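Below you'll find the structure, written out as structure tokens, and then a few comments.
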Amino acid sequence: MSQETAIASFKKFQQSWIEQLQHHLNYLRSAQNHHRNSVTGDEERLREAVERVMKHFREFHRAKWATTETDVVGVMAAPWSSALERSLHWVGGWRPTTLFHLVYTESSILFESRIVDILRGFRTGDLSDLSPSQFSRIKFVKGRTVSELQCETVKEENAITEELSEWQDDASELVMGTSSNPEQRIRRLAEIVHRTDDLRLRTITRVVELLSPLQQAEFLIAAAELRAGVAGWGTSHDRRRSSNV
């Protein structure tokens with residue numbers, strides 16, 4: 001497959017992937033509402049809905065991995081994204097630590113909106129049960145906290161940033177045509193992108209594992225809505241720019 005074909009194919013895949021994601025999220029919202037409104041709850045259905053979304057993310061990871069193998073430069077350029085989205089990209093996509101800020105923000109908003117019920121001792125089981133101050137001391141699955149996982153992710157992000165910086169420092173040889181092995185240099189960039197995408201998938205997987213089923217649903221819905229919001233605003237901004245040219 002040529003590089004142009006690979007990028008065009010991935011762009012088409014991503015459009016279809018986003019549409020399917022909306023279907024999975026609708027099912028997740030339905031399972032979430034059913035769990036909340038049911039007397040006994042339906043945790044099994046909620047877990048199934050969460051797994052559908054996570055499986056969908058893994059499918060995206062596999063497709064992007066294959067495209068990166070064919071044209072890593074095209075993947076870094078991300079022609080399928082708006083100018084706004086590209087301005088927010090870190091090594092060809094979203095920064096993993098963004099997920100932790102999302103958890104903190106969502107829990108804080110829900111915590112404040114339900115503070116009266118919480119003070120009365122009522123627990124919903126959702127993200128409102130996690131106030132910002134609790135993240136540093138509450139132990140989750142496998143004896144870890146969200147804060148501990150965030151620190152580990154930050155370290156990996158910094159290591160990748162340093163590795164990419166080193167690659168960019170040597171990139172002048174590629175531009176000037178003086179590189180003794182340009183294919184090897186491009187291969188190194190592909191390895192950096194692979195490592196970054198692995199961190200993205202690993203981070204969202206670990207965050208989900210640390211939360212209860214209801215919290216998982218709220219987190220995944222919030223993450224998808226954030227992505228959709230940025231994409232929509234970016235597309236509108238591109239259209240306005242084009243009309244003003």
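Identification of helices (runs of 4 or more DSSP H) wholly contained in the range 1-103 with 2 or more residues that are within 25 Å of L149 (Cα to Cα) yields 43-70. Hey, can you tell me all the residues within the range 5-25 that are farther than 25 Å from F219 by Cβ, free of Cβ contacts under 8 Å to residues at least 12 places away in the same chain and open to solvent by 80 Å² or more (accessible area, probe 1.4 Å)? Matches in the range 5-25: K12 only.
Within the range 63-96, being open to solvent by 30 Å² or more (accessible area, probe 1.4 Å), in contact with a Ser or Thr (Cβ under 9 Å, 6 or more places away or on another chain) and farther than 30 Å from R240 by Cα holds for one residue alone: T70. Is at least one residue of the range 54-62 surrounded by 14 or more Cβ atoms within 10 Å (Cβ to Cβ), modelled with pLDDT of 95 or more and more than 30 Å from Q184 (Cα to Cα)? Checked the range 54-62: at least one residue is surrounded by 14 or more Cβ atoms within 10 Å (Cβ to Cβ), modelled with pLDDT of 95 or more and more than 30 Å from Q184 (Cα to Cα).
The residues of the range 224-241 that are touching a residue at least 40 places away in the same chain (Cβ under 8 Å), surrounded by fewer than 14 Cβ atoms within 10 Å (Cβ to Cβ) and within 23 Å of Q20 (Cβ to Cβ) amount to a single one, W233. In the set L46, L99, L28, only one residue is within 15 Å of the chain's Cα centre (by Cα), farther than 22 Å from Q168 by Cβ and buried (at least 18 other Cβ atoms within 10 Å of the Cβ); that residue is L99. Of everything in the range 199-212 that is part of a helix (DSSP H, G or I) and open to solvent by less than 60 Å² (accessible area, probe 1.4 Å), the residue that is nearest to E157 (Cα to Cα) is L199.
The values are calculated or read from the model by the stated rules, or taken from the named source; none is laboratory data. Computed from a predicted structure; not experimentally measured. We place every Cβ from the backbone using ideal geometry, glycine too, and count neighbours over all the protein chains shown. Calculation scope for accessible area: heavy atoms of the full protein, side chains included, ligands and nucleic acids excluded. Shrake-Rupley method; radii C 1.70, N 1.55, O 1.52, S 1.80 Å.
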